[in-house]
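Participant: Dropping a structure here in structure tokens format, bear with me for questions.
The values are calculated or read from the model by the stated rules, or taken from the named source; none is laboratory data. The shown structure was predicted, so the numbers you read here are calculated from the model rather than taken from an experiment. All Cβ positions, even for glycine, are placed from backbone atoms using ideal geometry, and neighbour counts span all protein chains on display. The area values use the complete protein model at the heavy-atom level, side chains included, leaving out ligands, DNA and RNA. Shrake-Rupley method; radii C 1.70, N 1.55, O 1.52, S 1.80 Å.
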Amino acid sequence: MLDSTKRFWIIISILLSGLFINGCSTKAYYSTQIDPQITFNKQEPLTIYTDEMPSITDKKFALSLAETMVEYGFQINGFNLETKSTNCYLVFSLDTSSSQYTGSYTTYNTSTAYISGKYTSITTPNTNIYTIPIVTKKIAVSIICKDNRGKKTQVWFGYVGANIRDYDKYQQKIIKNLVGLVGKDFKGYLKVE
């Protein structure tokens, strides 16, 4: 008979094997929207704005985003475009959230007891509860342009959510995927490794 610890590790091994067999890969969730009434041209000069007192993290993200956008052919004020006033600008927000997932599994302990002159097997269920912390990095990006009357209109919005460890490891690929979706509608997961 297997004790409960061995059973636990066998169950975990089977579950993890299933994940690998199903082609488990590192992914991030993306959701983007474009205004259907406005055509956005990536050749339209853009200015990337940060807060008045941006954090170092915001500065690094803005630089990485701008460099990636230039690589994808965007005209970014102060990077591949001489500094000037632009009709369109980009703003972003970085956030980290945490939650937890609680689950359970049952193991069965079987023991043999000598009762009334004979051996009897007794099976006792044991419910095990576990909690897994989940920390998510969230990025929200908006492109806003002024129309011919000077009214500001959001022309594109993009969001990405990734496990914090994946974000730390694959930040550049996560940003590249997001930039590749500028000007498009999309909802779903994309590989980031």
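Participant: Between a residue in the range 113-138 that is closer than 30 Å to Asp95 by Cα and any residue that is acidic (Asp, Glu), which pairs come within a Cβ distance under 6 Å, given they are 6 or more apart or on different chains?
Facilitator: If the second residue must be acidic (Asp, Glu), the pairs left are Lys138/Asp95.
Participant: Could you check the range 73-87 and list, in sequence order, the residues that are under 18 Å from Cys145 (Cβ atoms) and among the hydrophobic types (A, V, I, L, M, F, W, C)?
Facilitator: Selection gives Phe74, Ile76, Leu81.
Participant: Out of everything in the range 71-89 that is touching a Ser or Thr at 6+ places or on another chain (Cβ under 7 Å) and open to solvent by less than 30 Å² (accessible area, probe 1.4 Å), what residue ends up being farthest from Asn128 (Cα to Cα)? Spell out the reasoning first.
Facilitator: Taking the range 71-89 as the starting set, the residues that turn out to be touching a Ser or Thr at 6+ places or on another chain (Cβ under 7 Å) are 77, 86, 89.
Then keep just the ones that are open to solvent by less than 30 Å² (accessible area, probe 1.4 Å); that gives 77, 86.
Values: Asn77: 56, Thr86: 59 Å.
Residue satisfying both the conditions and the ranking: Thr86.
Participant: Are any residues in the range 50-61 assigned to a loop (DSSP other than H, G, I, E, B) and within 21 Å of Ile174 (Cβ to Cβ), and if so, which ones?
Facilitator: Of everything in the range 50-61, those that are assigned to a loop (DSSP other than H, G, I, E, B) and within 21 Å of Ile174 (Cβ to Cβ) turn out to be Thr50, Pro54, Ser55.
Participant: Here's another thing I want to ask about it. Please list, ordered by first then second residue, the pairs with beta carbon atoms under 7 Å, 6 or more apart or interchain, first in the range 151-169 and aliphatic (A, V, I, L, M), second in a helix (DSSP H, G or I) and surrounded by 18 or more Cβ atoms within 10 Å (Cβ to Cβ).
Facilitator: From the range 151-169, the pairs are Val160/Ile174; Val160/Leu178; Ala162/Ile174.
Participant: Which residue out of Thr112, Thr106 is of a type outside the set (Lys, Arg), more than 29 Å from the chain's Cα centre (by Cα) and open to solvent by less than 70 Å² (accessible area, probe 1.4 Å)?
Facilitator: Matching residue, one of Thr112, Thr106: Thr106.
Participant: I need a count of the residues in the range 71-82 that are closer than 15 Å to Val182 by Cβ and either assigned to a helix (DSSP H, G or I) or without any contact (Cβ under 8 Å) to a residue 60 or more places away in the chain (or both).
Facilitator: Taking the range 71-82 as the starting set, the residues that turn out to be closer than 15 Å to Val182 by Cβ are 71-76.
If we keep only those that are either assigned to a helix (DSSP H, G or I) or without any contact (Cβ under 8 Å) to a residue 60 or more places away in the chain (or both) as well, we get 71, 73, 75-76.
Selection size over the range 71-82: 4.
Participant: OK, next. Check the range 58-70 and report whether any residue there is within 23 Å of the chain's Cα centre (by Cα), open to solvent by 60 Å² or more (accessible area, probe 1.4 Å), over 17 Å from Leu178 (Cα atoms) and at pLDDT below 95.
Facilitator: Yes.
Participant: Looking at (1) touching a Ser or Thr at 6+ places or on another chain (Cβ under 6 Å); (2) among the basic types (Lys, Arg); (3) farther than 30 Å from Tyr159 by Cα, find the lone condition where Lys118 falls short.
Facilitator: (1)
Participant: Check whether at least one residue in the range 10-22 is modelled with pLDDT of 80 or more and more than 21 Å from the chain's Cα centre (by Cα), and report yes or no.
Facilitator: no
Participant: Of all residues in the range 93-103, count the ones that are surrounded by 10 or more Cβ atoms within 10 Å (Cβ to Cβ) and within 14 Å of Tyr167 (Cβ to Cβ).
Facilitator: Number satisfying all stated conditions: 4.
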